[in-house]
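Below: one structure, written as structure tokens.
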């Protein structure tokens, strides 16, 4: 009789242990949100920034103010967490600043920075990104004129890493030079040719 009950108890314990393990696995999976929600948040924050620039007096709205407004809005709506909003805002700042500085320093067009055939990119994607980048370019030019005595060091080209989110354009593998096009904002993955995980927007 004791052997019978011990067998039952052992079976129940095994079932409970397995159930706990399955529950833990499910919880882990639920906590791992797909990158798609970060990509959507990137796009939404860019829209919020464009609206902030268009609705405010140009002298009252800076890139950082527009970013903060978009970041707070995303968190308030529950789209992403505060940490995720900060992370995405850093990606947006990197992308927009790089495009704006490139246009300002080289007198080139936004399409030159993209290094893509604009016919294959959605018009709304281009317009959204260009709107924010152009406002930022104007802001940078005004700052440069206001503080002409500040020496301008050679612009550091930002590094893009696998797992991060980036906007439309072209990345170049730091290791093998393979081109990686992005027609819209997306998650960066390792180089398909050499497996490297670091990229730049253009050759220095």
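The table below lists the values:
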quantity	calculated
Test: residue in segment 119-141 that is surrounded by 10 or more Cβ atoms within 10 Å (Cβ to Cβ), under 21 Å from the mean Cα position of the chain (by Cα) and at pLDDT below 70	yes
Residues within segment 44-77 that are part of a loop (DSSP other than H, G, I, E, B) and surrounded by 13 or more Cβ atoms within 10 Å (Cβ to Cβ), tallied	3
Residue match in segment 72-85 (condition: within 24 Å of residue 181 (Cα to Cα) and at pLDDT 70 or above)	no
The lone exception for residue 80 - which of (1) assigned to a loop (DSSP other than H, G, I, E, B); (2) free of Cβ contacts under 8 Å to residues at least 12 places away in the same chain; (3) farther than 14 Å from residue 135 by Cα it fails	(2)
Unmet requirement for residue 51, which otherwise passes all of (1) modelled with pLDDT of 85 or more; (2) closer than 28 Å to residue 189 by Cα	(2)
In segment 192-204, residue farthest from the chain's Cα centre (by Cα) [restricted to those that are at pLDDT 95 or above and surrounded by 14 or more Cβ atoms within 10 Å (Cβ to Cβ)]	196
Selection from segment 38-67 of residues that are touching a residue at least 12 places away in the same chain (Cβ under 8 Å), out of contact with any helix residue (DSSP H, G or I) (no Cβ under 7 Å at 6 or more places or on another chain) and farther than 22 Å from residue 82 by Cβ	54, 58
Any pair with Cβ under 7 angstrom, 6 or more apart, that starts in segment 91-102 at a residue that is closer than 21 Å to residue 40 by Cα and ends at one that is assigned to a helix (DSSP H, G or I) and at pLDDT 85 or above	91/42; 92/42; 92/45; 92/46; 92/67; 93/67
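The values are calculated or read from the model by the stated rules, or taken from the named source; none is laboratory data. A quick note: this is a predicted structure, and the numbers were derived from the prediction, not measured. Quick reminder, even Gly has a Cβ in these numbers, built from the backbone with ideal geometry, and neighbours come from all protein chains shown.
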